[in-house]
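Presented below is the structure to which this report refers.
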Amino acid sequence: MTKIAFIGLGNMGIGMAANLAKAGHEVRAVDISEAAVTKAVEAGCIGAASAEEAVSGADVVISMLPAGKHVELVYMSDGGVFDHAEPGTLCIDCSTIDVATARNVIVNAEERGLSMIDAPVSGGVGGAAAGTLTFMCGGKQDAFDRAKPLLDIMGKNVFHAGEAGNGQVAKIANNMLLGIHMIGTCEAFNLAEKLGLDAQTFYDISSTASGQNWSMTSYCPAPGPVESAPSNHDYQPGFAAAMMLKDLRLAQEAATTARAATPLGTQAEALYSLMEASGKDDLDFSGIMKLINGSL
Ligand code: NAD
């Protein structure tokens, strides 16, 4: 049994913490929301009043927080995790955050004699509850090896992407590509329809031709061809446009720092920003179809 401090029990964290508790680990749950802690206790965790209380004596600290500033605050502020964790403690940050902060927090952890990896996920709330997330990890091999048995409980695919921050790099590069091919797929279906070709016929042809891609065949943004896709359910998420925009912004921030040319990533961010400006970013990210076809 591993003693785990779990910080951040929101939509994702609650399912992840519950799965660790179900597997027999001692999970001390911390969140600034009391309601979130209560839910975690109902799911088999032990409620902790503060990060200090949860981290003291813990073997592992896991966090699932909204953004880089929260991660910095939780780990590096006075009285934060790094002030209370015992030497050798393994920290696993599963939040999706900017690459620079992820790398900085890990360097800081190592300077204090702790081990740390970044381990952002894909798979959404359903994957967190079901224990089927994909983890993309960055950090030292021995830290990854220690984390893997716990990540295997929360997920079904666990990758080591290399040095600190590389988990975040994998996540934002993948999601930038996803945003781009989703928009391209919307444009193709819209063009076909405007020229008199119905969605199903275009799907039947393109899905077996060179335009085939995941956005088309698993998540078709045009209603009809893929029954389970959000397009057939009023574009209810799924993966909300707001979350896609968060990842596209992180990608643009990192691309600027790295001087990587991402002209289509820039366009994707601009288009999802228009969904946000229209107040429609709570739709699934495939709802960008409505922006493209003028029905938003
Ligand atoms: P969420 O907002 O539901 O949960 C975050 C939790 O962190 C909240 O309960 C909040 O109260 C808590 N928190 C914030 N500051 C804190 C602090 N200082 N101390 C303790 N707790 C604090 O977010 P989520 O949907 O669970 O997402 C978490 C992370 O996972 C984000 O980085 C997100 O980008 C990423 N992610 C989310 C999804 C998804 O589908 N929701 C999918 C993949 C990745």
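Since every read-out is calculated from the coordinates, none of them should be taken as a lab result. The model shown is predicted, which means the values in this text are computed figures rather than measured ones. Here the Cβ positions follow ideal geometry from the backbone for every residue, glycine too, while neighbour counts run over all protein chains shown.
Numbers at a glance
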{"item": "Antiparallel %, DSSP beta bridges [both residues in the chain], to 5", "result": "15"}
{"item": "Point-to-point label distance, SER218-LYS148, nm (Cα→Cβ direction, 7 Å offset)", "result": "2.3"}
{"item": "GNM result for the chain, Cα springs below 10 Å: residue of ASP59, ASP142, ASP282 fluctuating most strongly", "result": "ASP142"}
{"item": "Gap separating the Cα centres of the range 247-273 and the range 1-35, nearest whole Å", "result": "33"}
{"item": "Among PRO263, PRO66, PRO237: highest mean-square fluctuation, GNM of the chain, C-alpha pairs under 10 Å", "result": "PRO263"}
{"item": "The range 110-183 shape via C-alpha gyration tensor axes, a/c threshold 1.5", "result": "oblate"}
{"item": "Sequence ranges 104-111, 265-272, ranked by mean other-Cβ count within 10 angstrom, highest first", "result": "265-272, 104-111"}
{"item": "Isotropic mean projected area of the C-alpha convex hull, the chain (nm²)", "result": "15.8"}
{"item": "Euclidean distance between Cα centres, the range 135-193 to the range 96-124, Å", "result": "15"}
{"item": "Sequence ranges 199-211, 4-16, 125-137, ranked by mean other-Cβ count within 10 angstrom, highest first", "result": "4-16, 125-137, 199-211"}
{"item": "Inter-label distance for SER228 and THR266, nm, one decimal - labels placed 7 Å from Cα along Cα-to-Cβ", "result": "3.8"}
{"item": "The chain - mean residue ellipticity at 222 nm from DSSP helices (-39,500 (n - 2.57) per run, n ≥ 4, rounded to 500)", "result": "-15000 deg cm²/dmol"}
{"item": "Stretchable slack from GLU86 to ALA277, in nm (0.36 nm times residue separation minus alpha-carbon distance)", "result": "64.2 nm"}
{"item": "Potential extension, VAL125-SER56 segment - 0.36 nm per residue separation minus Cα distance", "result": "21.9 nm"}
{"item": "Using alpha-carbon coordinates, inclination of helix 263-277 to the longest axis of the chain, degrees", "result": "90"}
{"item": "Modelled FRET efficiency - R0 41 Å, THR38 with THR257, Cβ distances, 0.05 increments", "result": "0.55"}
